Structures are given as structure tokens and as C-alpha cells.
1. How do B:Leu185, B:Leu38 rank when sorted from fewest to most other Cβ atoms within 10 Å of their own Cβ?
2. At 0.36 nm per residue, minus the direct Cα-Cα distance, what do B:Ala235 and B:Ala163 gain on full extension? Give it in nm, one decimal, please.
3. Using the beta-carbon distance between B:Thr64 and B:Val199 and R0 = 30 Å, what value does 1/(1 + (r/R0)^6) give for FRET efficiency, to the nearest 0.05?
4. Among B:211-221, B:194-204, how do they line up from the highest to the lowest mean number of other beta-carbon atoms within 10 Å?
5. Over the stretch B:1-150, what number does the Rg to Rh ratio reach, with both radii from the alpha-carbon atoms and Rh per Kirkwood?
6. Could I get the Rg over Rh figure for the stretch B:24-260? Both from C-alpha atoms, Rh via Kirkwood, rounded to two places.
7. Full extension from B:Ala129 to B:Trp54: what is 0.36 nm times the residue separation minus their Cα-Cα distance, to one decimal in nm?
8. Tell me, what ³J(HN,Hα) does each residue in the stretch B:200-210 have, in order and in whole Hz, if you take phi through Karplus 6.51 cos²θ - 1.76 cosθ + 1.60 with θ = phi - 60° and put x for Gly and Pro?
Amino acid sequence: MTPLVINGSVNMIGAGLAAIGSGIGVGMIFASVIQGTARQPEARGMMMGTAWIGMAIVEALFILALAFAFVIK
Amino acid sequence: MRPLIPLEGATASYEPPSLHNFQFGGIYGGPDWLNRPLVQAVAAAIIVIAFWLWASRQLKTVPTRRQFVFEYFYEFIRNGVARDALGHDFRKYVPYLLGLFSFIWVNNLFEIFFLTMFPTMANIGYAWALAIIAWIVYNWAGVRRHGVGGYLRRSLFPSGVPAPLYVLVTPIEFMSNILIRPLTLGLRLFGNMFAGHLVVLVFVVGGSYLMLHGSQPIYHVAGVVSLLFSFLIFALELLVCTLQAYIFTVLTAQYVASSIADEH
């Protein structure tokens, strides 16, 4: 007898793998912002503006993966 | 997708949150098209129009406290988004950008507002509509500034590229500037709201199921912890709602700026 049965879609594993990539990307973006702020605190506002846009673009990859994980059977 | 069955011996059958949570029939037995997202979108439009009409009443040179708060909000978009991205002729686009930001923000806040609890943009049609409007706006702005030929030449044939390479560069520029931009704009907004609502559902529905129908005491404890943790998820969603409205507005402004730029 099987101790535990999990039914579901393997797509979700793919979505999880995609999260690794954009997680690393978002981490690198904000690591750079922190470093930049430490070197030049007065440029923080300008860097944060760029960082939010960059984060949105990097994050879009994961969002696409999640959308496709639900759509493609 | 079939349900996961991690709970051996649970009393009621558990159906995990999935796509069926995002489909609605007509409200109060009305026709099918009169569903919750449509009502929310119309309500958001009315709220935004009424709010800005009310905010712009009785403006004075020396602002009252109320006017100061509204101006702070207005200048966040006017200076922080429009003027930074568009440069000296930003005035024409401020009303659109401000309306866009307010509309998306109100719609996203419906996700965590206790009467609605559903983000309108988690139905992709509403995100597509905003993306199509943004597409029309930035292409129209470019055509107005440079003419049809000039705009296409600037956006499809960037200067400083050797002539033979246009075979390679022009299709890429066409894909990127004309097709991919509205696609990612709409998908990003939809995807964030969809994923956020799904995470909230997992914590709230799963947590309350564990709390009410769990077969062992440890399941009840896990359910309570999960429900408490959902407050943190709501806080995160507040950030995501605001951020996505902001990013949609900033990117629209950036696209307009790149299509009316003199040197591409």
C-alpha cells in the first residue's frame, strides 16, 4: 500500500523552477541597490526608481511561467 | 488539474483553490456578463472620477490641509512619473497617467477590501484592455510627433546600425516595440494579481479547512497558524497592489517617452 498519494500537475514543478531564476535576479538587483546606496547615499532615490522597473521586468518571467503552468495542460 | 490529497482521514473532501475561483456567474441571478469583476471595474471608474472631481474643487493658491494631501498624491505622478520619464512636454500625458494609476490602484485594492476580496485584474480581459489603450497611446504619440513614416523609421530602423544588419535588427525591434511591450504589460499586471489572489486563497481556504475539518489536533493548530500568517500575506499584497499600479504607469510613460524621443 502506498503511504501518501499526491495527484496533480507536474507543471507546478516547472513554475517552481522558474521561481529560482527570477528569485536570483531580484536578489541581485536589490543587492546592487544596497551596495550603491552604501557608496553614494544621495543617489538612492534614482536607483530605487530603476530598481523597481528592473524588478518588474525580472519578475515578469516568473509570472509568465505561472500563467503558462495553469494554461498549458 | 486534479486535487492534491495530503490529508489522510480528513472528514470533508478538500478542493484546493484553482482556476474555478476566478470564474463568476452573474450577480444576484443577473445575466452572465454582469459579473463581479465588471461591477468592480465600473465601481472603480466611478470612484476615481468622483474622487478627483471632489479633490479638484475649490482650489486655492495657499492650499488647505485637504488640498495639500491631494496635491501630494497628484505630484507623485506628475513629477515622479511623468516629468522624470517624458521631459519638458509631459503635461499632455499627466491626466492619462494619473487616471491610469488611480484606476489600477483602486481595482487592485479591491483584492484586500473586505467587501469585494477579488482583484479585478485577475481576469485577464481587464488587463488586456488597459494594455491595448497603452499601446494605442504610445503609438499615437509617436505618430503625432514624427509622422507615420518617421515614427516607423525611428522605431524599426535605429540609427548607427550598418545597413546589412537591418535584416536582423528590424524584426527584433518590431517584435520588441510593437508586439512584446503590450503583451508583457498586460500579462505582468494580470499575473501578479492572479498569483496574489491565489496565494491568499491557499492560506485562507486551506487554513480554515484545516481548522474546521482536521482529524487531529495538530491540523487544527496548523490551520490557526496558517490563518494568522494570511495577515502577513495581506500586507505583502498591499505592497504588490501599489507596486504593480506604479509599474504599469511608469512603463507606459517610458514607452511614450521612447516613441516621442528625437534620437532613438
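Just so it is clear, none of the values below were taken in a lab; they were calculated from the coordinates. Nothing here was measured: the structure is a model prediction, and the numbers come from that model. So basically every Cβ, Gly included, is an ideal-geometry build from the backbone, and we count neighbours across all protein chains shown.
1. B:Leu38, B:Leu185
2. Contour length minus Cα-Cα distance gives 20.6 nm.
3. Once rounded, the FRET efficiency stands at 0.15.
4. B:194-204, B:211-221
5. 1.12
6. Reported Rg/Rh (Cα atoms, Kirkwood Rh): 1.08.
7. 24.3 nm
8. 4, 4, 4, 6, 6, 5, x, x, 6, 5, 4
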